[in-house]
Amino acid sequence: MKPINIKDKFSKFSKNWHPHQIAVVDDMQVILAKLKGEFVWHSHDDEDELFQVIKGTLYMQLKDSESDDGIRTEVINEGEFIVVPKGVEHNPCTKNDEEVHVLLFEKLNTAHTGNVQHERTQTEYPKI
Ligand code: NI
């Protein structure tokens, strides 16, 4: 058991949209990811997903039938986090070519592309 330095862990990888596991908490895991551009629309049937922004600004698109165009975007700034509830379709994005660093907290069996198979889908997250 040792302190984990988040900045140091981010320096160990560079690939975007590639989750890396930095800790396990019972049946949950702590993940780091570097995001740039738009991901893919997906949802998780049985898992909530927490996104904490460490660097940059994250734009979380959410399907929302009460919005005019059916999509609502939540802006998550550095030092803020959002919990996407199970079943809600979401698509994380960044803007202005910014690379955004996020920490995720979710179940060990959560697939990052959820119910969608995509060229970006990773089934194993490197442990760093
Ligand atoms: Ni997700």
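For the range 74-95, filtering for residues that are open to solvent by 20 Å² or more (accessible area, probe 1.4 Å), within 15 Å of the ligand (Cβ to nearest atom) and assigned to a strand (DSSP E or B) leaves 4.
Looking only at the range 96-125, residues that are in a loop (DSSP other than H, G, I, E, B), away from the ligand (no atom under 14 Å from the Cβ) and surrounded by 13 or more Cβ atoms within 10 Å (Cβ to Cβ) come to 3 in all. Pairs linking a residue in the range 77-89 that is without any contact (Cβ under 8 Å) to a residue 12 or more places away in the chain to a residue that is open to solvent by 70 Å² or more (accessible area, probe 1.4 Å) and within 14 Å of the ligand (Cβ to nearest atom), with Cβ atoms under 6 Å and 6 or more positions apart or on different chains, do not occur.
The test for being assigned to a helix (DSSP H, G or I), surrounded by 12 or more Cβ atoms within 10 Å (Cβ to Cβ) and either modelled with pLDDT of 95 or more or in contact with a helix residue (DSSP H, G or I) (Cβ under 6 Å, 6 or more places away or on another chain) (or both) holds for Lys9.
Cβ-Cβ contacts under 7 Å between residues 6 or more apart (or on different chains), taken from a first residue in the range 94-116 that is without any contact (Cβ under 8 Å) to a residue 24 or more places away in the chain to a second residue that is of a type in the set (S, T, N, Q) and part of a loop (DSSP other than H, G, I, E, B), are absent.
The values are calculated or read from the model by the stated rules, or taken from the named source; none is laboratory data. Bear in mind the structure is a predicted one, so any value in this text is a computation, not a measurement. For neighbour counting, all protein chains shown are included, and Cβ atoms are generated from backbone atoms with ideal geometry for every residue, glycine included. Ligands, DNA and RNA are excluded from the accessible area calculation, which covers all protein heavy atoms including side chains. Shrake-Rupley method; radii C 1.70, N 1.55, O 1.52, S 1.80 Å.
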